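First the structure, in the form of structure tokens, and then the observations on it.
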């Protein structure tokens, strides 16, 4: 059987607001088996005024939100067009855009990611797939996480995939099924605290390493009810900011101690949830390999705590895979959408079936 090859660009705008991640990949399907190569990548930094606009999205009225949807789509489309021209890319089959999440309330039956697909397609001249969560939510799912389809088909050599982004999430391979979910706030908390030291982020966890654990703060963070909720489950950015930030603000501990405490909190919640998966599935994950991606994979102090607290092997891939894994996954989700194949897993989201997600806009 001949192999099928696709060239796709994935776009990811995450909660860190640092910029738009763009990844161009080739995907090859051969008799049901998938492989990929990351051909080129870029993080398109958001201008300061654009960052402020994104932070304020949940407070906009309906008309302002509609305009922001188009403005963001135009920004994405121009970023793709510049990327394609600068990198001299040819024969791109599609662009798959996650969009920028404003609201995520699966318990109320809706999710909202901005970045109009029509505007992207008209601007860059390439077929666009966006709105990657709504079909899953319509079928009773959490609409998150959606990256695990890539964990299952592209990164299958690892038993566990851990993403340390603004929100921390993991996926665990159990036989041929995946169980995946968000489990706590992560880089959003660390970056919030680093900003109080005049830093964009805590490079390598150096500032956290100078601090001491504040037991009262750690207890309050661990007491957030979400941590005890059954999986599948997902976190909303607004919840993270309103709940965790409030706990951090209530503490009078020095910032370095808060950073140290949050680092410990993330590591503890990871291992607590791994144990919950082991109990749920009746398995042992001791000695398993954990592929760590997202900005937190560069935080060597955090990675050290993750390693020290449990019998798991932390695998740190190349910097490009760390930084662009989510954008790679979006590109892959778009490819599956064009093939009309399920691209969000019910075992992960709790939906009543695997779903084919994505609206398609032809250039």
Asserting the computed 222 nm helical MRE of the chain (DSSP H runs at least 4 long, -39500 (n - 2.57) per run, divided by residue count, to nearest 500) equals -11500 deg cm²/dmol
Compute the helix-to-body angle for 62-86: its Cα long axis versus the longest principal axis of the chain, expressed 0 to 90° and rounded to tens.
70
Gain upon complete extension [residue 64, residue 105; 0.36 nm per residue less C-alpha separation]
12.7 nm
Per 5 angstrom bin, beginning at 0 and ending with the bin that holds the maximum distance, the Cα pairs of region 151-321 fall in percents of 1, 8, 19, 22, 21, 15, 9, 4, 1, 0
Relative exposure of 12, 81, judged by other C-beta atoms within 10 Å (fewest first):
81, 12
Residue span residue 196 to residue 91: 0.36 nm per residue of separation minus Cα-Cα distance leaves a gain in nm of 33.2 nm
Could you work out how far apart the two model spin labels at residue 353 and residue 243 are, taking each label as a point 7 Å from the Cα in the direction of the beta carbon, and quote it in nm?
3.2
Tell me the relative contact order for the chain as a rounded percent, counting alpha carbon contacts under 8 Å between residues six or more apart.
23
Helix 319-338 vs. the chain, principal-axis angle (Cα, 0 to 90°, nearest 10):
40
Of 281, 209, 96, which is the most mobile in a GNM of the chain whose springs link Cα atoms less than 10 angstrom apart?
281
Cα convex hull of region 1-124 - mean projected area over all directions, nm²:
9.4
Arrange the peptides 322-330, 62-70 so that the one whose residues have, on average, the most other Cβ atoms within 10 Å appears first.
322-330, 62-70
Value of relative contact order over region 75-187, rounded to a whole percent, pairs C-alpha under 8 Å and six or more apart
19
Whole-number percent relative contact order across region 1-105, with pairs defined as alpha carbons under 8 Å at least 6 apart:
35
So for the pair residue 300, residue 229, with labels modelled 7 Å out along Cα→Cβ, what separation do we get in nm?
3.6
Compute the long axis of helix 255-281 from its Cα atoms, compare it with the longest principal axis of the Cα atoms of the chain, and write down the angle in degrees, 0 to 90, nearest 10.
70
Show me 72-80, 220-228, 180-188 ranked by packing, highest mean number of other Cβ atoms within 10 Å first.
180-188, 72-80, 220-228
In this structure, the FRET efficiency calculated for residue 138 and residue 315 from their beta-carbon separation, with R0 = 35 Å, to the nearest 0.05, is 0.50
Restricting everything to alpha-carbon atoms, can you work out Rg to Rh for region 257-363 with a Kirkwood hydrodynamic radius?
1.06
How many angstrom lie between the Cα centre of region 113-143 and the Cα centre of region 264-295?
31
From a point 7 Å beyond the Cα of residue 81 in the direction of its Cβ, which residues of region 119-147 have a backbone N at a distance under 11 Å?
120-126
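Read-outs: derived from the displayed coordinates by stated rules, not from any lab. The structure presented is a predicted model; accordingly, all values stated were derived computationally and were not measured. Positions of Cβ are backbone-derived with ideal geometry, glycine not excepted, and every protein chain shown enters the neighbour counts.
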